[in-house]
Amino acid sequence: MTGVKNLQQAANSDEERSKSGHLADYREQIESQRDLAREKQSGRGKRSAYDRVIALLDDDSFTELDPFVRHRATQFGMEKSQPFGDGVVTGFGEIDGRQVAAFSQDFSVFGGSLGEAYAEKMIKLMDLAERYGCPIIGINDSAGARIQEGVEGLAGYGEVFFRNVRASGVVPQISIIAGPCAGGAVYSPAMTDFIFMVEGIGQMFITGPDVIKTVTGETVTMEDLGGAATHSQTSGVAHFTATDEDDLNEQVRHLLSFLPSNNLDDAPYFPPDDDPMRESEDLDRTVPENANRPYDMHEVLGEVLDEGEFLEVQQQHAANVIAGFGRLDGHSVGVVANQPNVLAGTLDIAASIKAARFIRTCDAFNIPIVTFVDVPGFLPGLDQEYNGIIRHGSKLLYAYAEATVPKITVITRKAYGGAYVVMCSKHIGADFNVAWPTAEIAVMGPSAAVGLVFRRELAEAVDPEARRSELVDQYEDLFASPYQAASRGYIDDVISPRSTRPWL
């Protein structure tokens, strides 16, 4: 019996060694595949999909899911090439000690194209992230649906899109465009909260240059069609651009420092070194005496926010409105501000869409909104009217009225007409509104108002210009000062500019 027992133990030991050997063989194959991916991607000036995740996350924090998954396709000779992971790396890790879900598309495997098994990996990750309440970060580098798998790829995209929508406003979703993304590969990023693009290597477009050339006869490069400059400046699709992948990782980590992990959590709190009661005499000199002279609203934000830190969103797009994140007394706040330096701070279609989307993001993730107002109105013009300024402008109105987070408004100078109402006025649900003594709150600017109301009197005046100046002064005193609005309770207080930070 002893001999039989020893033989059985030896057999079990051999079986265990055999199983361990299989695992070691598989791991070796996976590592060899990663080395090949590194070689291919380095030739394109890019990191491999796996290395991108490792570089983004905290050291030694990444746990990969489904590294052994392979596609099941047999058409077009696909059964002869079944790489591990099927072209996407998925898993969980940490950024600054906070859990995140991450996926990274591998362009070295079938051009990063999405097939059935690939989609199943992404779906599993997104479902778990929503269940656990952690941000989803996607590194996109994909040619789109995998043609060799037919409708399975399209079905997979649909399942991913559905989860983008389901997770919207529940957990932050961040997309990184770090390669050429075409067709179906761009719809998922478009539904996420923030898009980062890496200059020179990241492109997004529905149809590529070849298709456009065939259909319309237009000739365009991939970079001009869908590069970082195009989408950060012209289309507004991209929220941030990075010079390289290291810069990208720093920016993503910075953004996450302002965001909660989900819609039930608070954003991270950072004890400030900046005194919350600090006054700034510079603010008393920021607004020019001449109401028609511009100034840079960034200077105001720099004096008000903790340490002057401000992360601007869509900085290069619709620059007549500023949107971004800062902190007050260590707490994250979303900031929306008119920019007098660009188009006099008027609201146009692009600015309305930009601000409305940002406001809704803040509202979804419990981030208070502070609005700085210097707006002479909506931008006039045929182009604006023909392209729907009425409809798009109302999106901003709707976003402010709908938001349930704390909303505070500071009027620094002009607040004219409908734009005054739209820019988080008391009338559409702002919690607290204050104005600087330089504020002009009126139906329209004093000069224009006098021209309309006193048109006949001015035409008959002996000295029209002198009479106009006199009437403008009267109008400003009666209707355009902050004290008229304050007397009605539309403004909670008129404060010295220097005391803006303590008041907030």
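Here is a yes/no grid of residues against (1) among the hydroxyl-bearing types (Ser, Thr, Tyr); (2) in contact with a strand residue (DSSP E or B) (Cβ under 7 Å, 6 or more places away or on another chain); (3) farther than 30 Å from residue 284 by Cα:
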| residue | (1), (2), (3) |
| --- | --- |
| 379 | no, yes, no |
| 387 | no, no, yes |
| 393 | no, yes, yes |
| 398 | yes, no, yes |
| 409 | yes, yes, no |
| 414 | no, yes, no |
| 423 | no, yes, no |
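If a residue must be loosely packed, with under 15 Cβ neighbours inside 10 Å, modelled with pLDDT under 90 and either in contact with a Cys (Cβ under 6 Å, 6 or more places away or on another chain) or in a helix (DSSP H, G or I) (or both), how many such residues does the range 449-494 contain?
16
Of all residues in the range 254-284, how many are outside any loop (DSSP other than H, G, I, E, B) and either of a type in the set (Phe, Trp, Tyr) or out of contact with any Pro (no Cβ under 7 Å at 6 or more places or on another chain) (or both)?
4
Of the residues 246, 273, 265, only one is modelled with pLDDT of 95 or more, of a type in the set (D, E, K, R) and not assigned by TED's automatic domain parsing to the domain that holds residue 170; which?
265
What is the one condition in (1) within 30 Å of residue 243 (Cβ to Cβ); (2) touching a helix residue (DSSP H, G or I) at 6+ places or on another chain (Cβ under 9 Å); (3) in the same structural domain as residue 128 (by TED's automatic domain parsing); (4) modelled with pLDDT under 80 that residue 43 does not satisfy?
Among (1) within 30 Å of residue 243 (Cβ to Cβ); (2) touching a helix residue (DSSP H, G or I) at 6+ places or on another chain (Cβ under 9 Å); (3) in the same structural domain as residue 128 (by TED's automatic domain parsing); (4) modelled with pLDDT under 80, residue 43 violates only (2).
This table checks each residue for (1) surrounded by 20 or more Cβ atoms within 10 Å (Cβ to Cβ); (2) in contact with a strand residue (DSSP E or B) (Cβ under 8 Å, 6 or more places away or on another chain); (3) in the same structural domain as residue 51 (by TED's automatic domain parsing).
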position: 87; (1), (2), (3): yes, yes, yes
position: 98; (1), (2), (3): no, no, yes
position: 106; (1), (2), (3): yes, yes, yes
position: 119; (1), (2), (3): yes, no, yes
position: 126; (1), (2), (3): yes, yes, yes
position: 129; (1), (2), (3): yes, yes, yes
position: 132; (1), (2), (3): no, yes, yes
position: 158; (1), (2), (3): no, no, yes
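Going by what's in this entry, would residue 215 be described as under 16 Å from residue 180 (Cα atoms) and either surrounded by 19 or more Cβ atoms within 10 Å (Cβ to Cβ) or over 16 Å from the mean Cα position of the chain (by Cα) (or both)? Give the derivation first.
Working: under 16 Å from residue 180 (Cα atoms): no; either surrounded by 19 or more Cβ atoms within 10 Å (Cβ to Cβ) or over 16 Å from the mean Cα position of the chain (by Cα) (or both): yes.
So residue 215 does not fit the description; no.
Just to be sure before I move on: is residue 138 farther than 21 Å from residue 226 by Cβ, in contact with a strand residue (DSSP E or B) (Cβ under 7 Å, 6 or more places away or on another chain), modelled with pLDDT of 85 or more and not basic (Lys, Arg) in the structure I sent?
No.
Could you check how many residues of the range 375-395 are in contact (Cβ under 8 Å) with a residue 24 or more places away in the chain and closer than 15 Å to residue 343 by Cβ?
Residues in the range 375-395 being in contact (Cβ under 8 Å) with a residue 24 or more places away in the chain and closer than 15 Å to residue 343 by Cβ: 8 in total.
State which residue is surrounded by the fewest Cβ atoms within 10 Å (Cβ to Cβ) when the search covers only the range 221-247 and only residues that are among the hydroxyl-bearing types (Ser, Thr, Tyr), touching a residue at least 24 places away in the same chain (Cβ under 8 Å) and in a helix (DSSP H, G or I).
Here the answer is 234.
Could you list all residues from the range 189-218 that are among the hydroxyl-bearing types (Ser, Thr, Tyr) and modelled with pLDDT of 95 or more?
Listed by number, the list holds a single entry, 192.
Look through 400, 420 and report the one residue that is out of contact with any Ser or Thr (no Cβ under 9 Å at 6 or more places or on another chain), hydroxyl-bearing (Ser, Thr, Tyr) and outside any strand (DSSP E or B). Spell out how you get there, then give the answer.
On the way: 400 fails: out of contact with any Ser or Thr (no Cβ under 9 Å at 6 or more places or on another chain).
Selected residue: 420, the only one of 400, 420 that is out of contact with any Ser or Thr (no Cβ under 9 Å at 6 or more places or on another chain), hydroxyl-bearing (Ser, Thr, Tyr) and outside any strand (DSSP E or B).
The values are calculated or read from the model by the stated rules, or taken from the named source; none is laboratory data. Not measured: the values here are computed from a predicted model. Because the Cβ atoms are built from the backbone with ideal geometry, glycine has one as well, and the counts that use them run over all protein chains shown.
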